[in-house]
Amino acid sequence: MGCLFCDWIKNNKHVLYKTEKNVVLIPNITWVKNCLLVCPIKHVESIYDLDEETYLEMYKIGRKLGQQLEKKDADATVYLLNNNHMQISHLPTHVAHLHLKIIPCYKKYTNTDSARMELSEEDIDKIKQDLLKLLGYQRM
């Protein structure tokens, strides 16, 4: 079985933003609004196997997006979580492709408001356009 993220990258699917080395993806399964994934374009499973330039860019992108999300929505606190090595994940949706999760947590929501959402292609496109507008980017 191939890598889901590599497939998305190859087919330009779920892509919000892309550089030569990294890509920002909108996951099709999420628990919170505006959750994003930053991952290297090259398939790498461990942060220890990633070249330093790509690593630094990945975190710069994550930091910038997190700051912009918090700036645009005062109700959000954004967490940046590194997903590293397949064997440590207990989630059924885990993908063995290194990624940085950008997870906004909203003060007005409680844990009971958070439910697993499976998004359609139309949902993802709408989220993409809303995020591009919120973050001040042009349509991609």
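The values are calculated or read from the model by the stated rules, or taken from the named source; none is laboratory data. Bear in mind the structure is a predicted one, so any value in this text is a computation, not a measurement. Heads up, the Cβs are rebuilt from the backbone with ideal geometry, glycines too, and the neighbour counts pull from every protein chain shown.
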Query raised in the report: From the set of residues in segment 31-65 that are in contact with a Lys or Arg (Cβ under 8 Å, 6 or more places away or on another chain), not hydrophobic (A, V, I, L, M, F, W, C) and not in a helix (DSSP H, G or I), which is surrounded by the most Cβ atoms within 10 Å (Cβ to Cβ)?
Result: 40
Requested in this report: Please state which of the following conditions residue 134 fails to meet, knowing it meets all the rest: (1) modelled with pLDDT of 80 or more; (2) surrounded by 13 or more Cβ atoms within 10 Å (Cβ to Cβ).
Outcome: (1)
Query raised in the report: So residue 98 clears everything in (1) at pLDDT below 85; (2) surrounded by 12 or more Cβ atoms within 10 Å (Cβ to Cβ) except one condition, right? Which one?
Result: (1)
Report task. Kindly provide the set of residues from segment 6-21 that are more than 18 Å from residue 125 (Cβ to Cβ) and either touching a residue at least 60 places away in the same chain (Cβ under 8 Å) or under 11 Å from the mean Cα position of the chain (by Cα) (or both), ordered by number. Result -> 6
Report task. Keeping to segment 40-57, report how many residues are at pLDDT 95 or above and within 11 Å of residue 99 (Cβ to Cβ). Result -> 1
Query - Residue in segment 81-89 that is in a helix (DSSP H, G or I), touching a helix residue (DSSP H, G or I) at 6+ places or on another chain (Cβ under 8 Å) and modelled with pLDDT of 80 or more present - result: no
Report summary line: All-but-one check, residue 26 against (1) in contact with a Cys (Cβ under 9 Å, 6 or more places away or on another chain); (2) over 20 Å from residue 118 (Cα atoms); (3) in contact (Cβ under 8 Å) with a residue 24 or more places away in the chain, failing number (2)
